[in-house]
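A quick write-up on the structure given underneath.
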Amino acid sequence: MSKRFRVISIDRDGTFAGHHWLSLASMAILAILLMSSTSMAAAQSAGNFDTGTITGAVSDPTGAVIPHASVAITNTGTGIVTNAKTGDSGLFTVPALPFGTYVVSASADRFGKAATAPFVLNAGATTRVDLKLSLAAISESVQVTGTMATVNLSNSTAGTTLNANQIENLPTNGRDVMDFLEIAPGSVNSTSFFQGSVNGQENFMTGIEVTLDGQNASRPDISGFDETEGNEANRMTRASVDSIQEIDFANNGYSADVGHSLGPQMNIITKGGTNQFHGEAFEFFRNDALDAKDYFANSLTNPKVPLRMNQFGANLAGPIATSKLFFFANYEGLQQHTTAINSLYSVPSASVRSQFVAAMQPVLAQMAPLPAGCATIPVSTSCNFVPGYGTNLVYDPAALPTTVSENSGAVRGDSLLSKIT
């Protein structure tokens, strides 16, 4: 029996009120404690949020089915083998297989052995594999290609799946996993403030159900202020892009066990460990010094906005016990510094300030200082005056710096319980 559990997922976000402030050291210690606990709860003990099904038939060279043939389904990443037998009709079905790369082989008395080439089983998919055994010695092995079919014949769910290669290479501005929603069928990004809609259902409250490794991850995503969520300007909304194995979209026809909203379902599956150690480190950065100047930009009404953004992190995955227990760990951090320029911010000119009585001096002291070259009387004609106010108001561009700091980490464990006990 294979068991998947998401050990911990912690965000450290200086802008989202609902997140907990935890140091990276605390996060690591908590992960170790959870890993060593024998009472660790599975994220979804009987769920199939990250599993698929392999089904098929075994036949002889004439096309006649072979009953009671032995079928071995091998996960090439973890080395875990699942055995099955064909029924009287020569068919076999193996559900609840963890996503990954598989090889299916079959053998029977008085027949040779046949095996498929490696193929990928996605979460929620049903892949059909038909094997044809030749009349040959048992020692003979034949590799069969072109026998896999992933057309969904088991249910009427309509949707699409993004695999790890697509997730890694499709461009996203800011590396927000929810940006992938825009390429799902029926998705409309109608505004930059909210997420838009899918199949006509707006996403802000009821339009879409998002799950992360089987756990509910739905919430409003806005770049502003929400009364229940607080200030939200964070980019890592649910998981690091580099930690995601696949994303499944179900637009309609999904079953009741996954439908918890009026709109479509978005199932995000994180990566898992294998029998080999894998790791990577990354950094993405943006700097306004590398950006081209907007054709319509000017220093007064539409100045260039300073931007410094660094997104960095690392992944590490591998075995804890070969072919028994595996781990995947991810960390991603963000440091972003932007400066909004309020170019139309205006202040009273020097001539206006000179008319303030003594009792108004405390008010005058709280005002922004005058721009360079505009503190003389009469006011210099080189100052930028606000139209319609003569020389009483001058423009004084205000710089409003904003800093976003985020740290997100997750650890996932996968085990084959029958081999651990």
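The values are calculated or read from the model by the stated rules, or taken from the named source; none is laboratory data. Note that the coordinates shown come from a computational prediction; the quantities given were computed from them, not determined experimentally. A quick note on method: Cβ atoms are made from the backbone with ideal geometry, for glycine too, and the neighbour counts reach across all protein chains shown.
Things to note:
- Each residue in segment 109-125 was checked for being surrounded by 20 or more Cβ atoms within 10 Å (Cβ to Cβ) and more than 22 Å from Asp248 (Cα to Cα), and 4 of them qualify.
- Each residue in segment 163-177 was checked for being surrounded by fewer than 18 Cβ atoms within 10 Å (Cβ to Cβ) and either outside any loop (DSSP other than H, G, I, E, B) or among the hydrophobic types (A, V, I, L, M, F, W, C) (or both), and 6 of them qualify.
- Residue that is nearest to the chain's Cα centre (by Cα), among those in segment 312-345 that are of a type in the set (S, T, N, Q) and surrounded by 18 or more Cβ atoms within 10 Å (Cβ to Cβ): Asn330
- Gly390 crowded, with 19+ Cβ neighbours inside 10 Å, at pLDDT 80 or above and not assigned by TED's automatic domain parsing to the domain that holds Pro98: no
- Of the residues Ser89, Ser105, Ser134, the single one that is part of a strand (DSSP E or B) and polar (S, T, N, Q) is Ser105.
- The one condition from (1) modelled with pLDDT under 90; (2) not in a strand (DSSP E or B) that Asp248 does not meet is (2).
- Set side by side, the residues Ala46, Ala72, Ala57, Ala108 differ, and just one is small (Gly, Ala, Ser) and either modelled with pLDDT under 90 or assigned by TED's automatic domain parsing to the domain that holds Phe328 (or both), which is Ala46.
- Out of Met309, Met266, Met236, one residue alone is among the hydrophobic types (A, V, I, L, M, F, W, C), at pLDDT below 80 and surrounded by 14 or more Cβ atoms within 10 Å (Cβ to Cβ). It is Met236.
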